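For reference, the structure is listed below as structure tokens.
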Amino acid sequence: MEARASRHRLVIMRPPSAHLLRTFAAVPLPQTVLVIGDDALRHALPLAQLGFDVTACTHDSEAADRCHATLKAEGVSASTVAMPFDDLAFADESFGWVVATDLDVRADLSHVHRVLAEGGWLFAETGASSADLTQVFGQAGFAIAEAAAPAENVARTHGIFRRVGERTRG
């Protein structure tokens, strides 16, 4: 775990997913990225440092304030917001990527689908099993780009999915 000081309080965060960073190494800039999760800073900071246009979304305003303060202290520009994940107040198809670490795949997925651009990508990390994750995302209009697999060093599963639609089907 890494400790970062902010004017609000000491922020302890797990390191970012190495798999996520390897994935984003191949993503061309500019790219809009929504990072959803109570630990949004974990991925928002390195993605903003890499030059992505990041919006970090957490459930509560204190976490959003801490995230904003830490990003500012690190000298990176990123937006931070607090809102429920099951009611994302962004325009349709606003983001090319969504990184979701605290997603309730059965409740929040339609909202993620709505704000993700057609042809956009979703990196999801959740407590759901690999089979559940693959099935639920497939039913929600996402194509599997990388099969769900155990995430590194945590009891979670991650996968990469693409939002498909009329413009992206072959």
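Pairs linking a residue in region 143-166 that is among the aromatic types (Phe, Trp, Tyr) to a residue that is at pLDDT 65 or above, with Cβ atoms under 7 Å and 6 or more positions apart or on different chains, are 161/122; 161/124; 161/137; 161/142; 161/143; 161/144; 161/145. Residues that are in contact (Cβ under 8 Å) with a residue 60 or more places away in the chain, open to solvent by 20 Å² or more (accessible area, probe 1.4 Å) and not aliphatic (A, V, I, L, M) within region 38-73 comprise 38, 39, 66, listed in sequence order. Before we move on, is residue 35 within 14 Å of residue 97 (Cβ to Cβ) and either surrounded by 19 or more Cβ atoms within 10 Å (Cβ to Cβ) or at pLDDT below 90 (or both)? Taking the combined requirement at face value, the residue satisfies it. Please tell me if residue 121 is open to solvent by 20 Å² or more (accessible area, probe 1.4 Å), within 16 Å of residue 20 (Cβ to Cβ), in a strand (DSSP E or B) and at pLDDT 90 or above. Taking the combined requirement at face value, the residue satisfies it. Residue 161 satisfies every condition listed in (1) more than 20 Å from residue 57 (Cβ to Cβ); (2) of a type outside the set (Gly, Ala, Ser); (3) modelled with pLDDT of 85 or more except (1). Residues in region 77-116 that are among the aromatic types (Phe, Trp, Tyr), part of a loop (DSSP other than H, G, I, E, B) and open to solvent by 10 Å² or more (accessible area, probe 1.4 Å): 1 in all.
Filtered by the rule that a residue be in contact with a strand residue (DSSP E or B) (Cβ under 8 Å, 6 or more places away or on another chain) and either within 20 Å of residue 20 (Cα to Cα) or at pLDDT below 90 (or both), region 46-62 gives 47, 48, 52, 53, 54, 55, 56, 57, 58, 59, 60.
The values are calculated or read from the model by the stated rules, or taken from the named source; none is laboratory data. Note that the structure is a prediction, hence the values are computed from the model and not measured. In this analysis, Cβ positions are derived from the backbone assuming ideal geometry, glycine residues included, and neighbour counts consider all displayed protein chains. Side chains are part of the model used for accessible areas, which takes the heavy atoms of the whole protein and leaves out ligands, DNA and RNA. Shrake-Rupley method; radii C 1.70, N 1.55, O 1.52, S 1.80 Å.
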